[in-house]
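For reference, the structure is listed below as structure tokens.
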Amino acid sequence: MEQIELDKSLKTRHITMISIGGIIGTGLFIGTGKNIMSTGPATIISYFLACMIIVFIMRMLGEMASTKPENGSFAAYSGRFIGPWAGFTVGWLYWISWVFIVGLEAAVIGGIFNSWFPMVPVWVGSVGITVILTGLNLYSVKTFGEFEYWLAFIKVSAIILFLIVGVTMILGINPNFEYKGLGFISDAGGFAPKGILPIFTGIVFVIFSISGAEVAAIAAGESENPKRNIVRAINNVVYRLGLFFVGSVLIMIMIIPWNDTKALAAPYANILKMAGFPLAGEVMQFVIFVSLISVMNSALFTSSRMLLGMAEKGDAPAIFKHVSKRNAPTWAILGSTIVAYICAILYFLSPDVIFYFLGNAVGALMIIVYIFIAIAHIRFRREYERTQTEPLAIKMWLFPYLTYLTIAVLLGVYVCQIFIPSLRAQFYLSTAFFIITIAVFFFKDKKIKAYQLGNPYQHADVDNGTKSQNM
């Protein structure tokens, strides 16, 4: 099957910033404080383990993608190395997750815009930003890349400023803040005041916060040199995750007590205020707004490419294979946008019931997708070593042991959800999504086979082809 060629206009700097932007979203700016309050200072372990899992998954994905970049890459690899049912399942679960994120970000953006300009209804802001980003994605991938580059630049600049300011506060060289050491940690109940289990269940929330690094592997397929850019993006993920996430959390737990709910409600802004930046709250609100737009932009791009890849394999309607004169997947973008609108409507109709449960399922669905990527990687490597002699451009460390360990940890984290009341609904809903998607594949496959067996014209064509070959 010939792969549809998309525009190859993304440059290395675009891929670099897209890979950074993919992991810096509202989960970092807003969710980090909540994770610290629910786990204590020990949440640093949750972030470290989650970051290592993402690094391993990216390494596996990079190993496969560097040999042959494909549209809808991990769904394609799951389908090839595990089975068609796995490709179908991974593709749709991943697409559902990102389309839901588009709707979520649109709804939140509308709310922020309304808080700034009360005369503008929330739904107007939501629809308006979605239309703008859809237009950018439809116009060209280069437009998407350039826009995402500058959004990511703003986010990265804010994080770097926070890290620098935080270090000056801890070292005691900030004139506006007197650092008194780490004694407050033991005074507030110690390193793990809520026990060991929250450390592991917290990995679910952290993975959802930092999921998106894999977008770089998809975007690299539309760059000038896909294989080179995939390797660069994967290699850079390691220190970016460590610096931006683990570094930020380390500064927070060294400055703010874990039970200081007021300060942790907006930890970035409050730490900057402690350091002597009175406008930190307004600046961080702007950065969060930019982050929402960035994540929404990436989510729309990613979901459309996944839908295109599935259409190529016959797992989605053929209409989604259509590309414009600028080589943008028109109907895949529009289809993802329409479903995102429906998700946004659910937010306005039932934010505390339907939307809440769907939102909780997204993080767990990402874990399922990552498990499939790891399984596909094991089968890919064994086949590659059996059939190829050319060395891989990038290799997973300590194969197959680290890959098996990653699968075990992901399965353990997923099952842990059962034992936490707040995560139990998330476990059952994501598992139901998973089972239903597999059932749809086999039902669809059975219907197609039944149609082929009962279609006399198809048999006639096959017979004619056989006869013509025998002549």
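Assorted remarks:
Listed here are the residues, each with its yes/no results for (1) closer than 21 Å to G27 by Cα; (2) without any contact (Cβ under 8 Å) to a residue 12 or more places away in the chain.
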residue	(1), (2)
F286	yes, yes
L300	yes, no
A311	no, no
S324	no, no
N327	no, no
I338	no, yes
Y341	no, no
I368	yes, no
R379	no, no
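- Filter pass, F162 being over 25 Å from S223 (Cβ atoms) and buried (at least 22 other Cβ atoms within 10 Å of the Cβ): yes
- Residue match in the range 143-159 (condition: out of contact with any His (no Cβ under 9 Å at 6 or more places or on another chain) and under 29 Å from F433 (Cα atoms)): no
- Single residue of the range 294-336 satisfying the filter (at pLDDT 90 or above and of a type in the set (V, I, T)) that is surrounded by the fewest Cβ atoms within 10 Å (Cβ to Cβ): I319
- Residue among G247, G221, G276 that alone is surrounded by fewer than 22 Cβ atoms within 10 Å (Cβ to Cβ) and touching a Pro at 6+ places or on another chain (Cβ under 8 Å): G276
- When the range 167-186 is filtered for residues that are closer than 19 Å to A42 by Cα and either surrounded by 18 or more Cβ atoms within 10 Å (Cβ to Cβ) or in contact (Cβ under 8 Å) with a residue 12 or more places away in the chain (or both), the ones remaining, listed by number, are I170, L182, F184, I185.
- In the range 255-268, the residues that are part of a helix (DSSP H, G or I), over 25 Å from the mean Cα position of the chain (by Cα) and surrounded by 17 or more Cβ atoms within 10 Å (Cβ to Cβ): I255, A263
- Taking (1) small (G, A, S); (2) farther than 25 Å from S73 by Cβ; (3) crowded, with 24+ Cβ neighbours inside 10 Å in turn, G125 satisfies each apart from (3).
- Positions within the range 429-471 being of a type in the set (S, T, Y) and either at pLDDT below 70 or more than 24 Å from A75 (Cβ to Cβ) (or both), in sequence order: Y451, Y457, T466, S468
- Any chance I164 is more than 30 Å from A344 (Cα to Cα), modelled with pLDDT of 90 or more, part of a helix (DSSP H, G or I) and over 19 Å from the mean Cα position of the chain (by Cα): yes
- Cβ-Cβ distances below 6 Å connect the following pairs, each with a first residue in the range 268-279 that is under 22 Å from F245 (Cβ atoms), a second residue that is surrounded by fewer than 16 Cβ atoms within 10 Å (Cβ to Cβ), and a separation of six or more residues or different chains: A269/G281; A275/N176.
- Summed over the range 381-395, the residues that are over 30 Å from the mean Cα position of the chain (by Cα), loosely packed, with under 10 Cβ neighbours inside 10 Å and not β-branched (V, I, T) give a count of 2.
- Meeting the requirement of 1 or more residues that are more than 19 Å from S209 (Cβ to Cβ) and touching a Gly at 6+ places or on another chain (Cβ under 6 Å), the helices (runs of 4 or more DSSP H) wholly within the range 38-145 are 73-81, 84-116, 122-139.
- Of the residues examined, S140 is one that is under 20 Å from I218 (Cβ atoms), hydroxyl-bearing (S, T, Y), touching a residue at least 24 places away in the same chain (Cβ under 8 Å) and buried (at least 16 other Cβ atoms within 10 Å of the Cβ).
- Count of the range 202-254 residues which are at pLDDT below 75, in a helix (DSSP H, G or I) and of a type in the set (S, T, Y): 2
- Pairs where the first residue, in the range 146-165, is under 19 Å from N270 (Cβ atoms) and the second is in a helix (DSSP H, G or I) and of a type in the set (V, I, T), C-beta under 6 Å, 6+ apart: A158/V287
- Of residues in the range 406-424 being without any contact (Cβ under 8 Å) to a residue 60 or more places away in the chain and surrounded by fewer than 16 Cβ atoms within 10 Å (Cβ to Cβ), the one nearest to the chain's Cα centre (by Cα): L411
The values are calculated or read from the model by the stated rules, or taken from the named source; none is laboratory data. Small disclaimer: the values here were computed from a predicted structure and weren't measured. So basically every Cβ, Gly included, is an ideal-geometry build from the backbone, and we count neighbours across all protein chains shown.
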